[in-house]
1. Could you count how many residues in segment 136-157 are modelled with pLDDT under 95 and of a type in the set (D, E, K, R)?
2. State which residue pairs qualify: first residue over 24 Å from PRO138 (Cβ atoms) and inside segment 34-50, second residue in a strand (DSSP E or B) in any location, beta carbons under 8 Å apart, and separation of 6 or more residues or different chains.
3. Considering (1) of a type outside the set (Phe, Trp, Tyr); (2) touching a strand residue (DSSP E or B) at 6+ places or on another chain (Cβ under 6 Å); (3) within 16 Å of ligand 1 (Cβ to nearest atom), say which one GLY22 fails and leave the rest.
4. Given the conditions (1) touching a helix residue (DSSP H, G or I) at 6+ places or on another chain (Cβ under 8 Å); (2) within 16 Å of ligand 1 (Cβ to nearest atom), which single one is not true for GLY160?
5. Residues of segment 131-149 being within 15 Å of ligand 2 (Cβ to nearest atom), in a loop (DSSP other than H, G, I, E, B) and of a type outside the set (Ser, Thr, Tyr), which ones?
6. If the requirement is being more than 12 Å from ligand 1 (Cβ to nearest atom), under 15 Å from PHE107 (Cα atoms), touching a residue at least 24 places away in the same chain (Cβ under 8 Å) and surrounded by 18 or more Cβ atoms within 10 Å (Cβ to Cβ), which of these qualifies: CYS134, CYS118?
7. Just to be sure, is GLU7 part of a strand (DSSP E or B) and of a type in the set (Asp, Glu)?
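The values are calculated or read from the model by the stated rules, or taken from the named source; none is laboratory data. A quick note: this is a predicted structure, and the numbers were derived from the prediction, not measured. Glycine gets a Cβ as well: all are built from the backbone with ideal geometry, and neighbour counts include every protein chain shown.
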Amino acid sequence: MAAMELEWDHQGEILVRRRRVGPFDNAAYVVSCPDTGAAVLIDAANEADVLVRAIGDLKLVAVLETHGHADHWQALGAIEAHFASAWVGAHPDDLSMFPPPPPAHHFSHGEIITFGNCQLRVLHTPGHTPGSVCFLGPGVVFTGDTLFPGGPGATRPPLGDFPTILKSIRRELMGLDPTTLVYPGHGEATTIGAEVAGFEEWEQRGF
Ligand SMILES: [Zn+2]
Ligand SMILES: [Zn+2]
């Protein structure tokens, strides 16, 4: 599958490169500090060679996993082998879903991840999986499979739960500035403002 070559500059505060990889068309993001070249990879999803090329000369500080579903970590082993100094983080509630050895860094809600002069805040947003997290940056939020254009991610039992994902989205995401750009784990970017409009409807729809 041809990788989409896309990069966005957010007011000079952070740079975001997206690559669409693997059979489930996962969106993986290389987020970097324009001043220092320090970077994090959000979801080592698949096609490690594509992700390594996207990282290029940037200094990879960490791999941040949005959740434990297998399509989001197929390239994790290869990325860890290639960038030996980068740490790997995931939420403790999803650790059992990762292949051994599980990620060594365990996220807590509200934790700040620093790379160069940039920061992302960890938001624990259970519902798609118990340990799903989002990463909030300046004017952007990376939502994994918690929020897509048009609604919340799938909530299949036993790990998924629809009332829980709605509560997470309402508590952590709906209050963000409407212009906040949403970068999901699959598909195209949207904004918080575009998704707020549908919230009541999803709630009534019940899935
Ligand atoms: Zn998922
Ligand atoms: Zn997924």
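1. So the count comes out to 1.
2. What qualifies is ASN46/VAL21; ASN46/ASN26; ASN46/ALA28; GLU47/ARG19; GLU47/VAL21; VAL50/ARG19; VAL50/VAL21.
3. (2)
4. All conditions pass for GLY160, except number (1).
5. GLY131, ASP145, PRO149
6. Values: CYS118 fails: under 15 Å from PHE107 (Cα atoms).
Result: CYS134 is the single residue among CYS134, CYS118 that is more than 12 Å from ligand 1 (Cβ to nearest atom), under 15 Å from PHE107 (Cα atoms), touching a residue at least 24 places away in the same chain (Cβ under 8 Å) and surrounded by 18 or more Cβ atoms within 10 Å (Cβ to Cβ).
7. Details: part of a strand (DSSP E or B): yes; of a type in the set (Asp, Glu): yes.
Criteria met by GLU7.
Here is a yes/no grid of residues against (1) part of a loop (DSSP other than H, G, I, E, B); (2) of a type in the set (Ser, Thr, Tyr); (3) more than 16 Å from ligand 1 (Cβ to nearest atom):
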site	(1), (2), (3)
ALA62	no, no, yes
ASP71	no, no, no
GLN74	yes, no, no
SER96	no, yes, no
